[in-house]
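Taking it in order: structure first as structure tokens, then the write-up.
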Amino acid sequence: TEWMASTELANPCIILDEIDKAPRGGQHGNVQDVMLQFLEGMEAGSFNDVYLNLPVNAGYVRWVLTANDLS
């Protein structure tokens with residue numbers, strides 16, 4: 001998000017490769033819960049990066065998620 005806040009590019013494309021390999025739950029949380037805030041239009045438009053303490057409009061980000069196993 002630091003890059004998104006410092007550039008004038010409004011619609012980057014972010015590719016998450018092999019999303020099916022991400023841990024499902026546990027102590028680090030669930031990747032689906034984290035990604036929902038970026039993929040849902042209303043929430044993505046008002047995302048607040050707590051690390052940078054900056055509001056980021058992620059509503060125009062194009063997401064490509066790849067997986068080897070769709071189950």
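A short reminder: the numbers here are calculations on the coordinates, not readings from a lab. Here the structure is a predicted model, which is why all the values come from computation and not from measurement. Cβ placement follows ideal geometry from the backbone for every residue including glycine, while neighbour counts extend to all protein chains displayed.
Observations
- Long-range HN-HN contacts of L16 with modeled amide H, under 5 Å: V64, L65, T66
- Under the Karplus curve 6.51 cos²θ - 1.76 cosθ + 1.60, θ = phi - 60°, whole-Hz ³J(HN,Hα) for segment 61-71, x wherever Gly or Pro sits: 5, 9, 9, 10, 10, 10, 8, 8, 10, 7, 7
- Neighbour cut-off at most 11 other Cβ (10 Å), DSSP loop, chymotrypsin sites (Phe, Trp or Tyr not before Pro), the chain: Y51
- With a Förster radius of 25 Å applied to the beta-carbon distance between D69 and L39, the computed FRET efficiency rounds to 0.80.
- Long-range HN-HN contacts of D49 with modeled amide H, under 5 Å: L54, V56
- Difference of contour (0.36 nm per residue) and Cα-Cα distance, A22 to E8: 2.0 nm
- Environment charge of A44, counting only residues whose C-beta is closer than 15 Å and scoring Lys/Arg +1, Asp/Glu -1: -3
- Computed helical MRE - 222 nm, the chain, DSSP H runs ≥ 4 contributing -39500 (n - 2.57), nearest 500: -5500 deg cm²/dmol
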